[in-house]
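Data first, discussion second: the structure below is written as structure tokens.
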Amino acid sequence: MKAFILSADHFEDSELLVPYYRLKEEGIAVEVGANKHGPIVGKHGYEVAVDKTLPDIRPEDYGFLVLPGGQAPAALRKEPAALAIAKAFLSSSRPVAAICHGPQLLVSADVLRDRRATCYRAVGGGTERSRRPL
């Protein structure tokens with residue numbers, strides 16, 4: 001099984017790095033994709049090498065998707081290729097781990113309709129007391 005992390009500059013460092021290294025500890029191959037070549041840089045300055053850019057990503061090559069938060073999802077949600085990647089994972093019922101602001105990409109891809117998701121409260125448009133589906 002291979003995991004795919006989709007992100008961009010200004011990701012929340014721990015939300016990308018912890019899953020990345022934890023998956024590797026379990027012997028799972030991990031690739032990072034982004035909207036640009038070269039390393040992506042987190043909010044706190046950590047750099048992560050990019051294995052593939054959006055046009056080169058084939059969702060069918062991966063068992064699951066990780067979407068770290070931070071400001072990266074706000075940039076990715078403007079990219080049609082990133083939306084298509086999210087749709088491919090959800091339409092094939094493969095697991096998606098969207099952390100904090102990560103669900104912004106799923107909302108923009110319109111794949112959360114009639115589903116429940118956890119996210120930073122501003123992403124869902126509600127408050128902590130709001131329990132409506134996105």
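Values quoted throughout were computed directly from the atomic coordinates according to the rules given, and no laboratory measurement underlies them. Because the structure is a prediction, the values reported are computed rather than measured. Virtual Cβ from ideal backbone geometry, glycine too; neighbours counted across all protein chains shown.
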Round to the nearest 0.05 the FRET efficiency obtained for Tyr21 and Ala117 when R0 = 22 Å and r is the Cβ-Cβ distance. 0.35
In degrees rounded to 10, the 0-90 angle between helix 13-25 Cα long axis and the longest Cα principal axis of the chain is 60 degrees
With volume of the Cα convex hull per residue in Å³ as the read-out, I listed (1) 112; (2) 127; (3) 99; which label goes with the value calculated from this structure? (3)
Output wanted: per-residue J couplings in Hz (rounded whole) for segment 59-69, from phi through Karplus 6.51 cos²θ - 1.76 cosθ + 1.60, θ = phi - 60°, x for Gly and Pro. x, 5, 7, 10, x, 7, 10, 10, 10, x, x
Once Lys2 and His37 are pulled to full extension, the length gained, defined as 0.36 nm per residue separation minus their Cα-Cα distance, is 10.5 nm
Net length gained if the chain between Thr53 and Ala29 were fully extended (0.36 nm per residue, minus Cα distance): 6.9 nm
Within-14-Å neighbourhood charge of Glu79 [Cβ basis; K, R +1; D, E -1]: +3
0 to 90° range, to nearest 10: angle between helix 80-91 axis and the chain longest Cα axis: 70 degrees
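For segment 1-102, which GluC sites (Glu not before Pro) pass both filters: DSSP loop (anything but H, G, I, E, B) and at most 16 other C-beta atoms within 10 Å?
Glu26
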Average Cα contact separation per residue, the chain, under 8 Å, 6 or more apart, as relative contact order %: 23 percent
Lys and Arg at +1, Asp and Glu at -1: neighbours of Lys24 with Cβ under 15 Å from its Cβ sum to -2
